[in-house]
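Novice: So that we are looking at the same thing, I have put the structure below in structure tokens.
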């Protein structure tokens, strides 16, 4: 009994120590990056990389080993996954398709969505086919190439939304089209991810794929015809008062989030997708959304998100790219990812009537990947679709493509005479 208690206490001590380091480092780097005009979440990603083998694990291996061990501990892994489910719920709530009032914006959104997915997907598959023999010789080249294409097609809605608010673009036509296109982009991205993972797991089993999509169709029907009316009645029964949620409603919502996570997990498309689906059910109820964001959302962003970033950082070893060939492939992946997003979006925006400056802004915004990319990369890595070095390369790509947005937007906005708000979102 004493041995069991001591082991539990020791695990608790180590986990609490890890959480102190993760949350503290992430908040500090968040503040530093905000001072340089970058989204704070990029600082949190860097904090994760600093705590991983790229810095702490390389220069202070004993400290890293005693603090984090050789791999992320099971409690940290579980906490990061619970955090992702709650985060995806908030992302689902923030999806807003009501911006598209004019036909031009609707047409532009469709065109930008189509080209911002199809071109990077095709380019990524091509890069995957060319690099599979060198970078992933032990992985099935078709699965690897499909995932490379998916990795390049992602756009990060949460980060894009923050950037739009930071630069006062939320109500501009460029901002409206970009966030709407990115929203549809991510929905399609998740569906593609479920298809790639189903392909990886089923090994050409048409029966398995048919069963999975039948289950997905049944889930969509239940969401629309059963849970949607139920959510409406719940919100009417327990309305938010003075910006605060009823505890009974909060408990029901948490249970519903996790129940849908179980459903999507059983369907083979990951528990976090259930959180997203649940968020979409609530996105029309703005008072609930604002109250949830104030009461729960901030805690998710301050506590759970840094845990996920550190979890990713512990799996990312930039110093593991040791050969000239590794860095050459990183340069190719970066160039392909950036050009396949910005160039087609620029030209299709021009064709839809936007001027050069606006079209360049659209391409820059759609090029941001960050958080959503990291979520997808962790799933792909866990599924064995990409090896360690490619995981690291794609993490670097996610960070670089997001870091680019701020400086480029500042320059483009200054050229167009758009005033950038002084206050930045915390």
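The values are calculated or read from the model by the stated rules, or taken from the named source; none is laboratory data. Computed from a predicted structure; not experimentally measured. As a convention, Cβ positions derive from the backbone with ideal geometry for all residues, glycine included, and neighbour counts pool all protein chains shown.
Novice: Output the number of residues of the stretch 317-338 satisfying the condition of being within 26 Å of residue 177 (Cβ to Cβ) and touching a residue at least 40 places away in the same chain (Cβ under 8 Å).
Specialist: Total satisfying the criteria: 4.
Novice: Looking only at the stretch 236-248, filter to residues that are in contact with a helix residue (DSSP H, G or I) (Cβ under 6 Å, 6 or more places away or on another chain), surrounded by 12 or more Cβ atoms within 10 Å (Cβ to Cβ) and in contact (Cβ under 8 Å) with a residue 24 or more places away in the chain; which one of those is farthest from residue 267 (Cα to Cα)?
Specialist: 240
Novice: Being surrounded by fewer than 24 Cβ atoms within 10 Å (Cβ to Cβ), over 24 Å from residue 278 (Cβ atoms) and out of contact with any strand residue (DSSP E or B) (no Cβ under 6 Å at 6 or more places or on another chain) narrows it down to one residue among 120, 158, 61; which is it? Lay out the reasoning, then the answer.
Specialist: Values: 120 fails: surrounded by fewer than 24 Cβ atoms within 10 Å (Cβ to Cβ); 158 fails: over 24 Å from residue 278 (Cβ atoms).
None of the others qualify; the one that does is 61.
Novice: Something else now. Any residue in the stretch 193-213 that is over 20 Å from residue 149 (Cβ atoms), in contact (Cβ under 8 Å) with a residue 12 or more places away in the chain, assigned to a helix (DSSP H, G or I) and out of contact with any strand residue (DSSP E or B) (no Cβ under 9 Å at 6 or more places or on another chain)?
Specialist: Within the stretch 193-213, one or more residues are over 20 Å from residue 149 (Cβ atoms), in contact (Cβ under 8 Å) with a residue 12 or more places away in the chain, assigned to a helix (DSSP H, G or I) and out of contact with any strand residue (DSSP E or B) (no Cβ under 9 Å at 6 or more places or on another chain).
Novice: When both residues are 6+ apart or on different chains and their Cβ atoms are under 7 Å apart, which pairs have a first residue that lies in the stretch 351-362 and is at negative phi, and a second that is in a loop (DSSP other than H, G, I, E, B) and buried (at least 16 other Cβ atoms within 10 Å of the Cβ)?
Specialist: 362/354
Novice: If I filter the stretch 267-279 for residues that are part of a helix (DSSP H, G or I), surrounded by fewer than 20 Cβ atoms within 10 Å (Cβ to Cβ) and either in contact with a helix residue (DSSP H, G or I) (Cβ under 9 Å, 6 or more places away or on another chain) or free of Cβ contacts under 8 Å to residues at least 12 places away in the same chain (or both), do I get at least one hit?
Specialist: Restricting attention to the stretch 267-279, the residues satisfying the condition of being part of a helix (DSSP H, G or I) are 271-279.
Remaining after also requiring surrounded by fewer than 20 Cβ atoms within 10 Å (Cβ to Cβ): none.
No; the residues of the stretch 267-279 include none that is part of a helix (DSSP H, G or I), surrounded by fewer than 20 Cβ atoms within 10 Å (Cβ to Cβ) and either in contact with a helix residue (DSSP H, G or I) (Cβ under 9 Å, 6 or more places away or on another chain) or free of Cβ contacts under 8 Å to residues at least 12 places away in the same chain (or both).
Novice: Of the residues 5, 41, 23, which is more than 22 Å from residue 80 (Cα to Cα), part of a helix (DSSP H, G or I) and out of contact with any strand residue (DSSP E or B) (no Cβ under 6 Å at 6 or more places or on another chain)? Working first, answer last.
Specialist: Details: 41 fails: more than 22 Å from residue 80 (Cα to Cα); 23 fails: more than 22 Å from residue 80 (Cα to Cα).
That would be 5, the only listed residue that is more than 22 Å from residue 80 (Cα to Cα), part of a helix (DSSP H, G or I) and out of contact with any strand residue (DSSP E or B) (no Cβ under 6 Å at 6 or more places or on another chain).
Novice: Let me ask you something else. Please pick out the residue among 83, 92, 133, 149 that is part of a helix (DSSP H, G or I) and under 18 Å from residue 195 (Cβ atoms).
Specialist: On the way: 83 fails: under 18 Å from residue 195 (Cβ atoms); 92 fails: under 18 Å from residue 195 (Cβ atoms); 133 fails: under 18 Å from residue 195 (Cβ atoms).
So the residue among 83, 92, 133, 149 that is part of a helix (DSSP H, G or I) and under 18 Å from residue 195 (Cβ atoms) is 149.
Novice: Does at least one position in the stretch 250-257 carry a residue that is modelled with pLDDT of 95 or more and either within 20 Å of the chain's Cα centre (by Cα) or not in a helix (DSSP H, G or I) (or both)?
Specialist: Yes, the conditions are met somewhere in the stretch 250-257.
Novice: Picking from 377, 365, 394, 385, which residue would you name as being surrounded by 24 or more Cβ atoms within 10 Å (Cβ to Cβ), assigned to a loop (DSSP other than H, G, I, E, B) and touching a residue at least 40 places away in the same chain (Cβ under 8 Å)?
Specialist: None of the other options fit; the residue is 385.
Novice: With the requirement that a residue be under 21 Å from residue 271 (Cα atoms) and either surrounded by fewer than 13 Cβ atoms within 10 Å (Cβ to Cβ) or in contact with a strand residue (DSSP E or B) (Cβ under 8 Å, 6 or more places away or on another chain) (or both), what does the stretch 219-235 give you?
Specialist: Listed by number, the residues that qualify are 220, 221, 224, 226.
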